[in-house]
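Asker: Input: one structure, supplied below.
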Amino acid sequence: MSEPASSVVPHHVAIVMDGNGRWATRRFLPRIAGHKQGLDSLTRCIKACLARGIGVLTVFAFSSENWNRPPEEVSGLMELLALSLAREVPSLKANGVQLHFIGDRQRLSVKVQAGLTQAELSTAGNQRLVFNVCFNYGGRWDIAQAAQKLAGRGETITELSLDRAMALAHVPDPDLLIRTGGELRISNFLLWQAAYSELHFSDRLWPDFDEAALDEAIAVFRTRERRFGQTSAQLSGQPAPSTPKAA
Ligand code: FPP
């Protein structure tokens with residue numbers, strides 16, 4: 001028996017965690033204080049996803065374009081990445097979270113690269129929640145690297161082969177894509193994978209995005225009819241209005 005629509009939890013939730021800088025500026029704090037608060041908000045969000053049986057969480061932590069921010073903010077975010085590895089990985093490991101870092105690692109320090117690999121290896125056997133952290137990531141980068149991989153192997157480029165060469169090939173496409181902070185755009189996040197994701201824009205700044213805000217996003221998701229190109233009538237098993245009745 002299929003689950004009633006009202007209790008469906010999105011399997012894969014993706015989030016653009018926007019608004020850390022404004023959260024800090026409104027409190028006369030340096031922007032990095034907002035990112036630190038954002039990391040706490042992320043930790044709470046992971047717990048909330050675990051409690052709700054969400055299978056995959058993918059977050060945008062640092063975009064390919066974020067290198068253009070002031071140098072002290074960029075180095076602050078690199079430090080936060082190193083801190084999060086030391087501070088969060090043991091608890092993620094204990095809670096059944098499988099970690100993946102998605103993005104171009106070449107520009108990160110050798111030490112951080114080793115830390116990312118170690119964190120992935122130590123959580124590889126976990127099954128409760130797949131947690132993808134997009135860091136030095138861009139949707140265009142992902143499509144280009146996938147195409148390059150196929151070209152290098154002499155493979156034909158098809159939708160299926162590209163899909164399998166993408167950095168998120170280990171998970172199904174996101175069901176629900178949330179952006180906090182009030183902006184109405186996807187900013188080079190999951191350009192390929194979000195083709196049929198339901199979009200939810202929240203005015204909350206990311207540090208203020210709590211369990212209730214997540215539940216609201218899930219409630220809105222439950223009201224959406226996911227047609228994937230079909231008609232409503234097809235989904236409900238009824239003949240389309242133009243279909244002639246059988247004699
Ligand atoms: C966008 O807000 C947020 C980021 C660029 C960084 C997101 C990082 C975290 C939530 C911390 C977790 C980090 C790691 C390393 C796992 P913004 O700064 O653009 O906010 P604004 O629009 O208010 O300026």
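Asker: Within the range 123-137, is even one residue basic (Lys, Arg) and over 30 Å from Ala213 (Cα atoms)?
Answerer: No, the conditions are met nowhere in the range 123-137.
Asker: Considering only the range 10-29, state which residues are within 12 Å of the ligand (Cβ to nearest atom), within 21 Å of the chain's Cα centre (by Cα) and β-branched (Val, Ile, Thr).
Answerer: Answer for the range 10-29, where residues must be within 12 Å of the ligand (Cβ to nearest atom), within 21 Å of the chain's Cα centre (by Cα) and β-branched (Val, Ile, Thr): Ile15, Val16.
Asker: Another one. Is the range 21-33 home to any residue that is in contact with a strand residue (DSSP E or B) (Cβ under 7 Å, 6 or more places away or on another chain) and surrounded by 14 or more Cβ atoms within 10 Å (Cβ to Cβ)?
Answerer: For the range 21-33, residues in contact with a strand residue (DSSP E or B) (Cβ under 7 Å, 6 or more places away or on another chain) and surrounded by 14 or more Cβ atoms within 10 Å (Cβ to Cβ): absent.
Asker: Hey, can you tell me all the residues within the range 182-205 that are within 16 Å of the ligand (Cβ to nearest atom) and out of contact with any Asp or Glu (no Cβ under 9 Å at 6 or more places or on another chain)?
Answerer: Passing the criteria: Leu184, Arg185, Ile186, Phe189, Asp203.
Asker: Here is a follow-up. Within the bounds of the range 48-58, is there any residue that is buried (at least 17 other Cβ atoms within 10 Å of the Cβ), under 17 Å from the mean Cα position of the chain (by Cα) and over 26 Å from Asp208 (Cβ atoms)?
Answerer: No.
Asker: Something else about it: Any idea how many residues of the range 200-216 are assigned to a helix (DSSP H, G or I) and within 14 Å of the chain's Cα centre (by Cα)?
Answerer: 2
Asker: On the basis of being within 11 Å of the ligand (Cβ to nearest atom), of a type in the set (Val, Ile, Thr) and free of Cβ contacts under 8 Å to residues at least 24 places away in the same chain, does Val74 make the cut?
Answerer: Considered against the rule, which asks whether it is within 11 Å of the ligand (Cβ to nearest atom), of a type in the set (Val, Ile, Thr) and free of Cβ contacts under 8 Å to residues at least 24 places away in the same chain, Val74 comes out as yes.
Asker: Which pairs do you get when a residue that is closer than 13 Å to Gln106 by Cβ and within 15 Å of the ligand (Cβ to nearest atom), found in the range 128-145, comes within reach of a residue that is modelled with pLDDT of 95 or more and β-branched (Val, Ile, Thr), reach meaning Cβ atoms under 7 angstrom, with the pair 6+ apart or on two chains?
Answerer: Taking only residues 6 or more apart or on different chains, the pairs are Tyr137/Ile102.
Asker: List every residue pair whose Cβ atoms sit under 6 Å apart, with the two residues 6 or more apart in sequence or on different chains, where the first one lies in the range 166-184 and is free of Cβ contacts under 8 Å to residues at least 24 places away in the same chain and the second, anywhere, is of a type outside the set (Val, Ile, Thr).
Answerer: Going by the 6 Å Cβ cut-off, the qualifying pairs are Leu184/Phe201.
Asker: Restricting attention to the range 29-63, which residues are without any contact (Cβ under 8 Å) to a residue 60 or more places away in the chain, among the β-branched types (Val, Ile, Thr) and more than 13 Å from Leu92 (Cβ to Cβ)?
Answerer: Ile32
Asker: Among the residues of the range 223-244, how many are closer than 21 Å to Gln193 by Cβ and at pLDDT 90 or above?
Answerer: Residues in the range 223-244 being closer than 21 Å to Gln193 by Cβ and at pLDDT 90 or above: 1 in total.
Asker: Residues of the range 92-111 being closer than 27 Å to Gln127 by Cβ and either in contact with an Asp or Glu (Cβ under 6 Å, 6 or more places away or on another chain) or touching a residue at least 40 places away in the same chain (Cβ under 8 Å) (or both), which ones?
Answerer: If the condition is that a residue be closer than 27 Å to Gln127 by Cβ and either in contact with an Asp or Glu (Cβ under 6 Å, 6 or more places away or on another chain) or touching a residue at least 40 places away in the same chain (Cβ under 8 Å) (or both), then Leu92, Asn95, Gly96, Val97, Leu99, His100, Ile102, Gly103 are the ones that fit.
Asker: Could you tell me which numbered condition Trp67 fails, if it satisfies all but one of (1) more than 9 Å from the ligand (Cβ to nearest atom); (2) aromatic (Phe, Trp, Tyr); (3) part of a strand (DSSP E or B)?
Answerer: (3)
The values are calculated or read from the model by the stated rules, or taken from the named source; none is laboratory data. This is a predicted model, so every value here is computed, not measured. For neighbour counting, all protein chains shown are included, and Cβ atoms are generated from backbone atoms with ideal geometry for every residue, glycine included.
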